[in-house]
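Note sheet for the following structure.
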Amino acid sequence: MNPLNTLLQKAATQNQAAFQQLYTEVSPKLFALCLRLVNYDNEAAEEILQEAFIKIWNKADKFDVEKGNAMAWMSTIVRNQTFDRLRSYKSRPELVEETEYETIEYTANDLQPEQKLLYRQQIAKFKDMLDELPANQRECITHSIVYGRSHSQIADEMNVPLGTVKAWLRRNIKIIQDVMSDTDAYGLH
């Protein structure tokens, strides 16, 4: 069984240690997703991620391992939370000032300064890697990772063969995983 699925199922029983381990495992990836969705606005991404993790904690019992994997389920919560926030920004004439305790330093106070630096470097590396991709491949990755579209939906939207979409995703997801595994934000490698 997928270890993230197991951790999320344990968190569903209000197991705080399992939830903390889940947070440690997935927060860098979910933060990168959130950051990309909010156009690299660190403060907004941190706030949205915190709200998303509150929802993940409160709704962990709704996760069904038979219907999918934990990372996809949590990514959907982060995406929906981000879209909700972006819609609320459009409906408000001005943004409310952020409070200091809602920053990454508050939500992840166990991170040392060098770990925070590694975390930011990892995010920058991810952004640079995406920027280096040809536009059509970057769009394909974005449709898949950010918007959660299926391979056939991407092929239809981009008007390219399904095999091309699958090849781009397979090749580039592997590159993303390799790049991201080189810099572990928590210094665990």
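Read the figures in this text as sums done on the coordinates, not as results from a lab. Keep in mind that what you see is a predicted model, and the values were worked out from it rather than measured. Positions of Cβ are generated from backbone atoms using ideal geometry, with glycine treated the same way; all protein chains shown enter the neighbour counts.
Tabulated data
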item: FRET E, pair Thr142, Lys55, Förster distance 22 Å, beta-carbon r, rounded to 0.05; result: 0.40
item: Cβ-defined net charge surrounding Leu37, 10 Å radius [Lys, Arg +1; Asp, Glu -1]; result: +2
item: Dipole-positive endmost among Val165, Ile145, Leu130 within the stretch 121-169 (Cβ charges, Cα centre); result: Ile145
item: Cα-Cα over 20 Å, subset of Lys29/Lys174; Lys10/Lys67; Lys125/Lys166; result: Lys125/Lys166
